[in-house]
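The values are calculated or read from the model by the stated rules, or taken from the named source; none is laboratory data. Given the structure is predicted, the values throughout are model-derived calculations rather than measurements. When we count neighbours, we look across all protein chains shown, and the Cβ atoms used for this are built from the backbone with ideal geometry, even at glycine. What goes into the accessible areas is simple: the full protein's heavy atoms, side chains included, and nothing from ligands, DNA or RNA. Shrake-Rupley method; radii C 1.70, N 1.55, O 1.52, S 1.80 Å.
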Amino acid sequence: MPMTTIKNACFEELDLVLGQVQTAPLPQRLVVGYSGGLDSAVLIRLLVDYCHQSSPKKRYSLEAVHINHQLSVNADSWQAQCEAVCAQYDIPITSRKVKVEVKGKGVESAARDARYQVFQEVCAGGGVLLLAHHLNDQAETFFIRLMRGSGTLGLGSMRGVGQYGEMPVLRPLLTMSRGALEQFAQSEGLPWVDDESNADSKYDRNYLRNEVLPLLKDRWPSMLAS
């Protein structure tokens, strides 16, 4: 897929999802969840370009939030890289260290709870959260919910425009595959970090990503889009 096609498709999706979120006054405050991984590295670059394109109208202000879960020996270096990239883009970033309290739940779920608590705090007062979930994430979410016995509503998986409490949550990359995002990142020379825990299939999402979905894609190559 040509890089201009990827960017244009993402800009069209941003027009769509942002048009469904009503905030006042302008500029609309966009807060991107920036882990430093491939997906969020692409999203933050696209948002920088998108906001620059819209700058004469002063429609948006852009900032980032990075959550340091302190679960990896590399966590502090990931945080430093995110802060350096945001300095290069000349956008503010809020970095927060959190303590992941498992307490009867899985690490994935506990980390998500800690992350969203910070997201809500940072977005308080009119912020719109943008996350970099993509087509592969969507397929993983579908199968995770299927295995947990979700009904038809749950099997709808993630939505481009959602809500977490009072906080609007937008996912403008849901129609793009991870492969397309990687192509874009490489063509633009974007830096990103690789979380070593992604190779550990003891976690449900990683098990699906590493063990199950590749087999299904071999059998049904169009399964992601389907």
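Based on DSSP H runs of at least 4 residues, each adding -39500 (n - 2.57), what is the mean residue ellipticity at 222 nm of the chain after dividing by all its residues, to the nearest 500 deg cm²/dmol?
-14000 deg cm²/dmol, from helical runs alone.
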message: Once neighbouring chains are kept in place and the probe is 1.4 Å, which whole percent of the accessible area of region 28-105 is contributed by carbon and sulfur?
response: 48 percent
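Please work out how much length the chain gains when fully extended from residue 99 to residue 15, using 0.36 nm per residue of separation minus the C-alpha to C-alpha distance, in nm with one decimal.
Values: separation 84, 0.36 × 84 = 30.24 nm, distance 3.57 nm.
Gain on stretching residue 99 to residue 15: 26.7 nm.
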- prompt: So which GluC sites (Glu not before Pro) in region 59-148 are both in a DSSP loop and have at most 14 other Cβ atoms within 10 Å of their Cβ?
  reply: 101
message: For the chain, set up a GNM with springs between Cα atoms under 10 Å and report which of 132, 41, 111 has the largest fluctuation.
response: 111
- request: Work out which trypsin sites (Lys or Arg not before Pro) in the chain are exposed loop sites (DSSP not H, G, I, E or B, at most 10 other Cβ within 10 Å) and give the longest gap free of them.
  value: 1-98
- prompt: Dipole magnitude of the chain about its Cα centre, charges +1 at Lys/Arg Cβ and -1 at Asp/Glu Cβ only, in debye to the nearest 20?
  reply: 540 debye
field: Among 143, 5, 224 the positive-end extreme of the charge dipole of the chain (Cβ point charges)
entry: 143
query: Which value results when the Cα radius of gyration for region 37-156 is divided by 2.2 N^0.38 Å?
result: 1.22
task: Find the eigenvalues of the gyration tensor of the Cα atoms of the chain, then list the square roots of 5 times those eigenvalues as equivalent ellipsoid semi-axes, largest first, in whole angstrom.
output: 26, 21, 19
- line: Per the C-alpha gyration tensor (a ≥ b ≥ c, the square roots of its eigenvalues), region 186-226 is rounded if a/c is under 1.5, else prolate if a/b beats b/c, else oblate; here it's oblate
- request: Taking the dipole about the Cα centre of the chain, with the C-beta of Lys and Arg at +1 and of Asp and Glu at -1, give me whichever of 102, 177, 132 is farthest to the positive side.
  value: 102
